[in-house]
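Below is one structure; the comments refer to it alone.
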Amino acid sequence: MSKGRAEAAAGAPGILLRYLQEQNRPYSAQDVFGNLQREHGLGKAAVVKALEQLAQQGKIKEKMYGKQKIYFADQDQFATVSDADLQGLDAKIVALTAKVQSLQQSCRHMEAELKELTSALTTPEMQKEIQELKKECAAYRERLKNIKAASNHVTPEEKEQVYRERQKYCKEWRKRKRMATELSDAILEGYPKSKKQFFEEVGIETDEDYNVKLPDP
């Protein structure tokens, strides 16, 4: 055991007694260990040993719940509280709970604002971004100017004419392909050789031979 861990273990009873009296609620050894480990560096074995020691000395109370031991402060050391005092404490708890909820909500708002500010650009970054956007806009304006000044524009009528001719030729292509396929299929019904051999002998070249695909209608 390191020197620091040994010192923490030696002071464990005092730490645990003070903790249980301040909290004044039941805890298991695991609960106490988890709650105080980070702050005081207490090991699990030191916590268990200190709790058992305090219980044997009568400084705290110990009860069994199933297979688990629960430890809590001796209630005899606390003064009896009247009903009026309890009501006052209840009212104080309600007020403090409302205050905690308000503070938590305020913290969430500040965290959201901090996140937004952290993700936002700084003033120098924003100025640089503006300059880049201005350059980009200038380039687009120059490009648009050149396009408008060009003399080889295609009119909507010329564009429509090109589409109509394309549709006409594709329709004729599709028609002739279908006719050629039907004719070759009819011949192949009585042809003694394979389709490939027939095409080679006749000299037929297909769209597939040149990786050409008929456009969609």
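The count of lysine pairs in segment 136-217 whose Cα atoms are under 24 Å apart, excluding pairs fewer than 8 places apart on the same chain, comes to 17. Of the residues 147, 55, 133, the one whose Cα sits farthest towards the positive end of the charge dipole of the chain is 55 (charges of +1 on Lys and Arg Cβ, -1 on Asp and Glu Cβ, taken about the Cα centre).
In segment 98-217, carbon and sulfur make up what percent of the accessible area (probe 1.4 Å)?
Working: 6280 of 11350 Å².
That share works out to 55 percent.
In the chain, helical runs assigned H by DSSP with n ≥ 4 each contribute -39500 (n - 2.57); averaged across all residues and rounded to the nearest 500, the mean residue ellipticity at 222 nm is -23500 deg cm²/dmol. Loop-located trypsin sites (Lys or Arg not before Pro) across segment 48-115 with a Cβ neighbour count of 15 or fewer within 10 Å are 67, with loop assigned by DSSP.
About the Cα centre of segment 168-217, how large is the charge dipole given +1 on each Lys and Arg Cβ and -1 on each Asp and Glu Cβ? Please answer in debye to the nearest 20. Each step should come with its number before you reach the end.
On the way: 11 positive and 11 negative charges, 61 e Å.
Taking the Cα centre of segment 168-217 as origin, the dipole is about 300 debye.
Put a plus charge on the Cβ of each Lys and Arg, a minus charge on the Cβ of each Asp and Glu, and nothing anywhere else: the dipole of the chain about its Cα centre is then about 220 debye.
Between rounded, prolate and oblate, where does segment 56-204 land on the alpha carbon gyration tensor, with a ≥ b ≥ c its root eigenvalues, rounded for a/c under 1.5, else prolate if a/b exceeds b/c? Oblate, since a/c reaches 1.5 and b/c is not below a/b. For residue 99, no lysines have a Cα closer than 21 Å to its Cα, not counting residues fewer than 8 places off in the same chain.
The values are calculated or read from the model by the stated rules, or taken from the named source; none is laboratory data. All values derive from a computational prediction rather than experimental measurement. Note that we place each Cβ from the backbone using ideal geometry, even for glycine, and neighbour counts take in every protein chain shown. Keep in mind that these areas ignore ligands, DNA and RNA; they rest on the heavy atoms of the full protein, side chains included. Shrake-Rupley method; radii C 1.70, N 1.55, O 1.52, S 1.80 Å.
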